Amino acid sequence: MAILNRLSTIIFISLFTLSLSFSAEMTAQKVFDQNFKLIKDNKGELLYIQKKFQLKKFKLKDFVAKIKEAINIEIDYQKKTASLMGEEKYIQELNNILQIDEGDSLNHHPDYQKEIKNKKRVRRSLLNLRKVNWGKNFNTVQSEPAIKEFGQKIKKILATFNFTILAAAQDKRFFMKKQILNKALNEVIKILRKKYSNIPILGFASFLVTKVHQFILQERMFQQNMLLELMFYHEKDLNLKVTEINHIVSSIFESRIDLQNRMERRKLENNWDGYGMLQLFTYERNALANISKFKNSKNINLGFFEGTFSNRKGKKTNGIYHHFITNHQFTRKKALALDYNNKKRVLRLRTLLFVAQAGINFIPRMPGFIKNIANNFINSMTKAQI
């Protein structure tokens, strides 16, 4: 479960470490010094911001072992719950967590019907876990030469290109030149598609390599988000020049521009001094406009706000919500980041979705295109919410 615990940390770290006022003992500069270091040239000019802590030496088999562990833990939990309280108890728990209301047949809105259909597919995947020969499937995937080659490529990429670099103050195309992870991922999936006619194994193998790719990039993104918080809210408290801060922020946004989005890249390169900060001011303006729509809401930072919302049955949830990210692709409701009354709620949901996404590929008699729809739905509940 280490992977999922790490991903849950990504959600919460900016909420508590950086969004609150710093005490006399924990200043913005101290937070910066604890997490980041400056790399300068021999003239003292800032070149890069680097994170101090990095992933341990990458091994694909260790990553796959953690995914296998997460699946086995959920299967064991299913068995235990079923033996103690019956199968229906576990199904009821899934309905509560996924918010599947079997009795709400009056809501005929197309988006709501799509939401429920996909949540039931998630539930079906979870209930099917015990019927899958996971040992055999993991062995098949791990012995696949293309998967082994992918693991070696990732290892080489991480060793050759420094993924501890979070921002490049003087290189407007630093991250564009580093988008080789995407190339490695696309290559291995192309090979797998040519080799396997067995759709479940193809889907499962693609799931594994995609999760490796996502995890590496998300690790960098959450560190960058910490930096953005410091740069925007505590600019004057840091021992950095204004131009250095501006270039750091622009570089972080450069890392998030799609390789094909040439127009946006041109904007950034033509306004290196101000592009990033302009993005942050736009985020802030939209965030404040967002909370003005909701009663008794309080802004926390650029990404989150505090508020209370009710579900369809009127049950209220007081907690922290995302400003710009919704629960999933079929709703406008803001995604929950932390439930004050149930601190483990979001982690439990993400754990279930993670395991369900692995299991989607093995649901019997479900067409491939339906599996793709369900997979996209799960992505809409998890990827942006990090």
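Worth a mention:
- Translational diffusion coefficient of the stretch 174-321 (Stokes-Einstein, Kirkwood radius from Cα pairs, 10 °C, 1.306 mPa s): 85 µm²/s.
- Taking amide H positions as modeled 1.01 Å from N, with prolines and chain starts lacking one, the residues under 5 Å from Phe36 and 5 or more places away or on another chain are Lys52.
- Here Phe281 and Asn139 are evaluated by their C-beta separation; at R0 = 45 Å the FRET efficiency comes out at 0.30.
- Counting 0.36 nm for each residue step from Arg332 to Gln34 and taking away their Cα separation leaves a gain of 103.5 nm.
- A Cβ-based charge dipole, computed about the Cα centre of the stretch 25-85 with Lys and Arg at +1 and Asp and Glu at -1, lands at about 260 debye.
- Modelled FRET efficiency - R0 51 Å, Phe309 with Lys43, Cβ distances, 0.05 increments: 0.45
- Per-residue ³J(HN,Hα) for the stretch 62-76, Karplus 6.51 cos²θ - 1.76 cosθ + 1.60, θ = phi - 60°, Hz, x for Gly and Pro: 5, 5, 5, 4, 5, 5, 4, 4, 4, 5, 5, 5, 5, 4, 4
- Solvent-accessible area per residue for the chain (1.4 angstrom probe, square angstrom): 53
- Helical runs assigned H by DSSP (4 residues or longer) give the chain a calculated mean residue ellipticity at 222 nm of -19000 deg cm²/dmol, each run adding -39500 (n - 2.57) before division by the residue total.
- Normalised contact order of the stretch 197-283, rounded percent, pairs of Cα under 8 Å and 6 or more residues apart: 26
- Measuring r between the beta carbons of Gln92 and Asn318 and using R0 = 22 Å, the FRET efficiency lands at 0.40.
- Between the labelled values [x] 36, 28, 19; [y] 45, 24, 19; [z] 32, 31, 19, the entry that holds semi-axes √(5λ) of the Cα gyration tensor in Å as derived from this structure is [x].
- Of Lys51/Lys183; Lys156/Lys241; Lys136/Lys334; Lys136/Lys383; Lys68/Lys371; Lys172/Lys371, pairs whose Cα-Cα distance is over 30 Å: Lys156/Lys241; Lys136/Lys334; Lys172/Lys371
- Overall, the accessible surface of the stretch 233-386 at a probe of 1.4 angstrom is composed of carbon and sulfur to the extent of 51 percent.
- Couplings 3J(HN,Hα) of the stretch 318-332, computed from phi: 9, x, 10, 10, 6, 5, 10, 10, 9, 4, 6, 6, 10, 8, 9 Hz, in residue order, whole Hz [Karplus 6.51 cos²θ - 1.76 cosθ + 1.60, θ = phi - 60°; x for Gly and Pro].
- Cα gyration tensor, the stretch 268-386 - rounded (a/c under 1.5), prolate or oblate: oblate
- Rounded, prolate or oblate (a/c below 1.5 giving rounded, otherwise prolate when a/b exceeds b/c) for the stretch 79-142 by Cα gyration tensor: oblate
- Peptides 89-100, 238-249, 361-372 ranked from most to least packed give 238-249, 89-100, 361-372, packing being the mean of other C-beta atoms within 10 angstrom over each peptide's residues.
- Cα-Cα pairs of the stretch 331-374 separated by more than 18 Å (percent): 49
- Projecting the Cα atoms of Ser292, Pro200, His213 onto the charge dipole of the chain (Cβ charges, centred on the Cα centre) puts Pro200 farthest toward the positive pole.
- For the chain, the residue among Tyr283, Ala146, Ser251 whose Cα projects farthest onto the positive side of the dipole built from Cβ charges is Ala146.
- Relative contact order, whole percent, for the chain stands at 22, derived from Cα pairs under 8 Å and 6 or more residues apart.
- Karplus 3J(HN,Hα) series, Hz, for the stretch 333-345 with 6.51 cos²θ - 1.76 cosθ + 1.60 (x for Gly, Pro): 5, 5, 6, 7, 9, 7, 9, 4, 8, 8, 4, 8, 4
- In nm, spacing of pseudo-spin labels at Thr243 and Tyr77 (7 Å Cα→C-beta vector): 5.3
The values are calculated or read from the model by the stated rules, or taken from the named source; none is laboratory data. Note that the structure is predicted; figures quoted are calculated from it, not measured. Neighbour counts run over all protein chains shown; Cβ positions are idealised from the backbone, glycine included. These accessible areas exclude ligands, DNA and RNA; they are computed on the full protein's heavy atoms, side chains included. Shrake-Rupley method; radii C 1.70, N 1.55, O 1.52, S 1.80 Å.
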